1. Report, to the nearest 10°, how far helix 207-219 tilts away from the longest principal axis of the Cα atoms in the chain, using its own Cα long axis and a range of 0 to 90°.
2. How high is the relative contact order of the range 250-295? Use alpha-carbon pairs under 8 Å, at least six apart in sequence, and give a whole percent.
3. Working out 0.36 nm times the residue gap between E156 and N287, then minus their Cα-Cα distance, what length gain in nm do you get to one decimal?
4. What are the ³J(HN,Hα) values, in whole Hz, obtained from phi via the Karplus relation 6.51 cos²θ - 1.76 cosθ + 1.60 with θ = phi - 60°, for each residue of the range 246-260 in sequence order, with x given for Gly and Pro?
5. So for the chain, Kirkwood radius off the Cα pairs, Stokes-Einstein at 20 °C and 1.002 mPa s: how many µm² s⁻¹?
6. Evaluate E = 1/(1 + (r/R0)^6) for A9 and T105, where r is the Cβ-Cβ distance and R0 equals 25 Å; express this FRET efficiency to the nearest 0.05.
7. Explain nothing, just the number: relative contact order of the chain, from Cα pairs under 8 Å at least 6 residues apart, as a whole percent.
8. For the range 294-314, list residues with backbone N below 18 Å from a point placed 7 Å from the Cα of N326 toward its Cβ?
Amino acid sequence: GSDAEIPAAVDQPLKIAAIMEFSTGTFASQYVSGLEAQVKKFGGEVQIYNANNDLSQMANHLQTAINQGVDGILIDHGRAEALNQGVEEALEKGIPVVTFDNDITADGVTAISQDDYSLAWGTLKQLAQDIDGEGNIVYVWAGGFTPLERRNVIYEAFLEHYPNIEEVARFGSVSNNTALDSQNQMEAVLKKYPEEGSIDAVFAPYDEFAKGVTRAIQQAGRDEIKVYGIDLSDEDLQIMQAENSPWVTTAATDPAEVAGVQVRFLYQKIAGEETPSIYALDPSVVNVSDLPDEPVTMADVGQHIEGWGSPNAARSPWMDALEAKNAQ
Ligand code: SR1
């Protein structure tokens, strides 16, 4: 409760650096808002470094943050091969590090994820049931991103588990315009498969993929093809809730909550508390059919989807007191 004693190490305006691989898309924008909100509640300041999909730039940003002597570092996406050296240096200098969505495994780092395996299985299981275990699907995917690599492990298991589901096309790239690229690539696939019934569903395990694919399907008037996505935002909810939307299912956590958990682990480390090496948030499956007819926003998803959100993860008793103090 708010009577707990605040550790001296966090009872001051801390400087936090957030080293991000990219900041495009509604997932990243909700995540950034979540970081800013939690750090602000704790009375600190967060500087966001966005590498625009350039891993060497990301490593440079990490170095800059270390040189500036920040109090803690958050890393979002990126790959161990590019960042390991910087992470080791940060740890040697006593700067705690908490990562999200990458393959860094250094001792002393806490790595969080959205449990990508559950995310992928949640949406794929729904897909399989909706087509009764048989049909043609399209897969949107790009390698080199840890969450997508993990989702792909499950996709491969899915194809093995459902031998009568066949992948007829695959494409995908992550860029500054992922949704538009996905739309263009899906248009080409639809031209290649013009007959009704030639494609039953699309697995688009990133909302930027799902948005683009959904638009292509709608514009081609092929609403019989259903889209199974991952992630959720206000914009995604609007697209999914539109009449006859092809995008029927998504699996997601709340990106602002992911960020909140990451910040709280970092503050626990700064306070000298034990933190786990790994932590995965629990995702939920969101079917449009579970939502009411009225428009739903991220703020009220929890009223309709059981288990949505995990607001108490990584919460120490003194955090209430620290937040109360900084709210004054
Ligand atoms: C390119 S990686 C995109 C994914 O990162 C986050 O994990 C989001 O869930 C998004 O799907």
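The values are calculated or read from the model by the stated rules, or taken from the named source; none is laboratory data. All values derive from a computational prediction rather than experimental measurement. Neighbour counts are summed over all protein chains in view; Cβ atoms, including those assigned to glycine, are modelled from backbone coordinates with ideal geometry. All accessible areas refer to the heavy atoms of the entire protein, side chains included, with ligands and DNA or RNA removed. Shrake-Rupley method; radii C 1.70, N 1.55, O 1.52, S 1.80 Å.
1. Value to nearest ten degrees: 30.
2. It rounds to 59 percent for the range 250-295.
3. 44.9 nm
4. For the range 246-260, the Karplus-derived couplings read x, 7, 9, 9, 9, 10, 7, 10, 8, x, 5, 6, 3, 5, x Hz, x marking Gly and Pro.
5. In µm²/s, the coefficient rounds to 104.
6. Between A9 and T105 the formula returns 0.45.
7. 22
8. 311-314
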